[in-house]
Amino acid sequence: MEKEILTQAEVLEVLDLLEKTYPDASCELVHRTPFQLLAAVMLSAQTTDKRVNQVAEPLFARYPDAAAMSEADPEELRTILRPIGMYKTKTENLLKLSRMLMEEYDGVVPEDQKLLEKLPGIGRKSANVVMADAFGHQRIAVDTHVFRLANRIGLVSEKDVLRTEKALMKVLPEDRWTASHHMLIWHGRRLCMARSPECGQCPLTEICLKKGLKTKGEEKSS
Ligand code: SF4
C-alpha cells in the first residue's frame, strides 16, 4: 500500500532541506507597513504576487496608509488596480477596508486574527499572512502552493485547506510555522510547480512521496 504520510523525522528532514535551499525565503509582497501588507494580501487573491507588486509602487506612493486610501478617488483606484484582475471588486474592498480601519481602529491594523478576518476581502489565509509577516506571530497560511506541496510531499494527507492548516500545525514545530509557509511557497514557485514539478532537480526527491504524481509505480515527472 502506498505510504500516505511522512514520519516526524522525515518531516523535519524536509524542513532542513528546504531551509538549506531557501535560506532567504520570506514574504514576496512589497510592503512597508502592516496596512500595506494587508492591502497587498487582499489584492493578491486570484493573481500573482508579481502582478500585485507591479501596482504596489504607484498605489502606495499615492495612498500610503488607511487615512489616504479611505479617501481615494474610486476611479483613480480602479485605474491603478486594473492590471491585477477583479479590479472592480478589489477597489471596493480596499475602500471599505480602509474606511473600516479608520472608523473602528483609528487607522491602525488590528493585531488580532479574528478582527482581521472581519475586514472586507480578508479571510483566514490573508489574516494568517498579516499576523505572521506584519506582527511576527507563528502562522501557516495555506495558499494554493502550501496546500499542493504539503499534500504532495506527504507532510500531511488532507482534502481541504483548513484541514491542511490544522494538520500542519500538529506536525510542524511551532517555531518554524511561518518559515515553513514561506519555504513551501518558494519551492512551489521555483521547482514544485503544479503541472510540471522538477523532481529530477529537487533536493527533496529521495524523501518526497510525490503523491498524485505516480502512475503504475512510476513517477510522471522526475
Ligand atoms: S520531488 Fe517532485 S513532487 Fe516532491 S517536492 Fe520535489 S519537485 Fe515536488
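Tabulated data
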read-out	value
Answer residue from the range 183-193, given it is buried (at least 22 other Cβ atoms within 10 Å of the Cβ) and part of a helix (DSSP H, G or I) and is nearest to the ligand (Cβ to nearest atom) among those	187
Any chance residue 210 is more than 16 Å from the ligand (Cβ to nearest atom) and either in contact with a Lys or Arg (Cβ under 7 Å, 6 or more places away or on another chain) or basic (Lys, Arg) (or both)	no
Of all residues in the range 134-164 being acidic (Asp, Glu) and without any contact (Cβ under 8 Å) to a residue 40 or more places away in the chain, the one that is farthest from residue 7 (Cα to Cα)	160
Wholly within the range 57-118, helices (runs of 4 or more DSSP H) carrying at least 3 residues that are in contact with a Gly (Cβ under 7 Å, 6 or more places away or on another chain)	87-105
Test for residue 51: is it without any contact (Cβ under 8 Å) to a residue 24 or more places away in the chain and of a type outside the set (Gly, Ala, Ser)	no
The range 152-176 - residue that is buried (at least 20 other Cβ atoms within 10 Å of the Cβ) and not in a loop (DSSP other than H, G, I, E, B) and, of those, farthest from the ligand (Cβ to nearest atom)	165
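Read-outs throughout are calculated quantities, based only on the coordinates presented, and are distinct from any laboratory measurement. No experiment lies behind these values; they were computed from the predicted model shown. For neighbour counting, all protein chains shown are included, and Cβ atoms are generated from backbone atoms with ideal geometry for every residue, glycine included.
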